[in-house]
1. Which residues make up the longest stretch of the chain clear of GluC sites (Glu not before Pro) that lie in a DSSP loop with no more than 16 other Cβ atoms within 10 Å, not counting the sites?
2. Extension gain GLU158-LYS73, at 0.36 nm per residue separation less the Cα-Cα distance, in nm?
3. What shape does the chain take by its C-alpha gyration tensor, where a ≥ b ≥ c are the square roots of the eigenvalues and a/c under 1.5 counts as rounded, a/b above b/c as prolate, and the rest as oblate?
4. How would you classify the stretch 7-90 from its alpha-carbon gyration tensor, with a ≥ b ≥ c the square roots of the eigenvalues: rounded for a/c under 1.5, else prolate if a/b is greater than b/c, otherwise oblate?
5. Between beta-carbons, use under 11 Å as the cut-off and find the net charge around TYR85, counting Lys and Arg +1, Asp and Glu -1.
6. Applying 1/(1 + (r/R0)^6) with R0 = 41 Å to the Cβ-Cβ distance of ALA54 and GLN175, what FRET efficiency is obtained, to the nearest 0.05?
7. I'd like the FRET efficiency for THR145 and THR4, computed as 1/(1 + (r/R0)^6) with the beta carbon distance as r and R0 of 35 Å, rounded to 0.05.
8. Based only on other Cβ atoms within 10 Å, what is the fewest-to-most ordering of VAL79, VAL88, VAL40?
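Every number here is computed from the coordinates shown, using simple stated rules; none is lab data. Just so you know, these numbers come straight off a predicted model, no measurement behind them. Cβ atoms come from the backbone with ideal geometry, glycine included; neighbour counts cover every protein chain shown.
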Amino acid sequence: MTVTFSAPRLETERLILRAPEIGDQDVHAAFFMSERAKFVGGPTTAERAWRLLALEVGHWVLRGFGRWALEEKATGKFVGIVGNYHPVGFPEDELGWDLFDGATGKGYATEAALAARAYAYDTLGWTTLTSMIDPANTASAAVATRLGAAYDYDFTHEHFGPVQIWRHPGPDTAQRPTYYRSLP
């Protein structure tokens, strides 16, 4: 039996934000099995990476929102996961991003996060949004800064340990993406 779910499809200048799918597993697992995943629960095993991909899909089903798979428009390549998130154990609604090998340094995290944040504010009606960042993850802190977020408080997560909570500007003052739209 196949269970289907829907997630809105968004388009930015260079990316398609779409629902995670089974064909993403190999790339997703390669990221989570690598040292690049050290700030988001890795490195881990292929079996655990499978569970993490299932968590992304299940979050959409259980919460009605979640993180999108990022696909480069030019190549169709799956390059990361970005979106709105609130699993049990997170202190507040979060905007999170994970970029895979070869996708960093191109502005993809910022581009996709701007679209995801606009979706949270304009479609979901949220009034605040945070990002949970490991204090040693300077690259993620730099993305948060580009998004206009600022360090707010420390939090200890049961799995990730001590993290920083960065607060994004609210819907009235948050920078909007230069281009994004919903796709059919």
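1. Numbers: sites that count: GLU13, GLU21, GLU92, GLU158.
In the chain, the maximal stretch lacking such sites is 22-91.
2. Once the chain is fully extended between GLU158 and LYS73, it gains 26.9 nm.
3. Here the chain falls in the rounded category.
4. oblate
5. Values: positive: ARG63, ARG67; negative: GLU56, GLU92, ASP93, GLU94, ASP98.
Taking every Cβ under 11 Å from that of TYR85, the sum is -3.
6. 0.80
7. On the way: r = 38 Å, r/R0 = 1.09.
Here the calculated transfer efficiency is 0.35.
8. Listing VAL79, VAL88, VAL40 from fewest to most nearby Cβ atoms yields VAL88, VAL40, VAL79.
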